[in-house]
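The values are calculated or read from the model by the stated rules, or taken from the named source; none is laboratory data. None of the values given here were measured: they were computed from a predicted structure. Glycine also receives a Cβ, built like all others from the backbone with ideal geometry; neighbour counts cover every protein chain displayed. Please note that ligands, DNA and RNA were not included when accessible areas were found on the heavy atoms of the full protein model with its side chains. Shrake-Rupley method; radii C 1.70, N 1.55, O 1.52, S 1.80 Å.
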Amino acid sequence: KIADLKGTKQGTLRLGVITTTKYFVPRLLGEFCEHYPGIDISLQVTNHQQLHQRMLNNEDDLYILSQLPEDVELHSEAFLENPLVVIARKDHPLAKKSRIPITDLNGEPFIMRETGSGTRHAALKLFNQHKVSVKVRLELGSNEAIKQAIAGGLGISVLSKHTLSCASNELTILDVDHFPIERWWYVGYLSGKQLSVIARTFLQFLIEETKDMGVPNFSRNGNNLIAV
Ligand code: PGA
């Protein structure tokens, strides 16, 4: 309390975030800590299923996720788009094509995120809707490892467009119908939770700082993706 009166916030900020927010949350935390050097941070980066478990155990102050849970009451706010796209290696035969029917992905070698991943859930839901059956060659629990596997020629995948913000120039986005899968990132906290001053301050900071951020924007030049 005394610390608050002095305006120097102290204590611990506990954040539970899904995997793809690692492309901007750590940077924001760096800035935040410059303003408030007295605080400690616990940042748990995990998939949706594990985040859900953390909510049930009330383990964090704030959550950043893209698929809101059905059985946990959260105060939440959407703050940034998080579209999912089909990613392939640049020399993939479909890379030159436009408006690729989703059924052309039938039988494609595919690298899938692990059970419990929101990305996996959203991709499979769309594939099921269109009766598309990809050939899962590999399951990986890491977006970065999936990008490496695509570059290594193991197959294509569906990932958040944000994972391309540190893209290798070996990859491209396929122009497949029904993609991108439109999603958002939400920041939220358990209803009934009394947020600490630090958590409230970070919540405001996050919303303010991401207002103009947008999704990484690429255009295709031949098969090359260029950031624009
Ligand atoms: P996931 O979520 O790690 O649970 O797949 C990532 C996302 O929704 O972008």
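Positive end of the dipole of the chain (Cβ unit charges, origin at the Cα centre): among L68, A88, N58, the Cα lying farthest that way belongs to A88. For the set V72, V17, solvent exposure ranked by accessible area (probe 1.4 Å, protein chains only) runs largest to smallest as V72, V17.
Considering helices alone, the calculated mean residue ellipticity of the chain at 222 nm is -7500 deg cm²/dmol, with DSSP H runs of length four and up weighted by -39500 (n - 2.57) and normalised per residue.
Rolling a 1.4 Å probe across the protein heavy atoms gives the chain an accessible surface of 51 Å² per residue. Rolled with a 1.4 Å probe across the full set of protein chains, the surface gives I207 an accessible area near 50 Å².
Only protein heavy atoms count here; on that basis, with a 1.4 Å probe, L140 has an accessible area of about 40 Å². With the cut-off at under 19 Å, measuring from each backbone N in segment 11-47 to a point 7 Å along the Cα-to-Cβ line of A151 picks out 20, 22-24. Report in % the part of the accessible area of segment 109-161 that belongs to carbon and sulfur, leaving out ligands and nucleic acids; probe 1.4 Å. Answer for segment 109-161: carbon and sulfur cover 50 percent of the accessible area. For the chain, take the longest principal axis of its alpha carbons; what is the angle in degrees between that and the long axis of helix 118-129, to the nearest 10 within 0 to 90? Taking the Cα atoms of the chain, the angle to 118-129 is about 40 degrees.
Between the Cα long axis of helix 197-209 and the first principal axis of the chain there is an angle of about 40°, rounded to the nearest 10.
Between the helical axis of 25-35 and the dominant principal axis of the chain, each derived from Cα atoms, what acute angle in degrees is found, rounded to the nearest 10? Once rounded, the angle reads 30 degrees. By a 1.4 Å probe calculation restricted to protein chains, E139 has an accessible surface near 100 Å², given to the nearest 10. The charge dipole of the chain, taken about its Cα centre with unit charges on the Cβ of Lys, Arg, Asp and Glu (plus for the first two, minus for the last two), comes to roughly 500 debye. Taken about its Cα centre, segment 152-219 carries a charge dipole of roughly 400 debye when the Cβ of each Lys and Arg holds +1 and the Cβ of each Asp and Glu holds -1.
Note on the chain: percent of Cα-Cα distances in each 10 Å bin, starting at 0 and stopping at the bin with the largest distance, equals 7, 31, 32, 19, 8, 2, 0.
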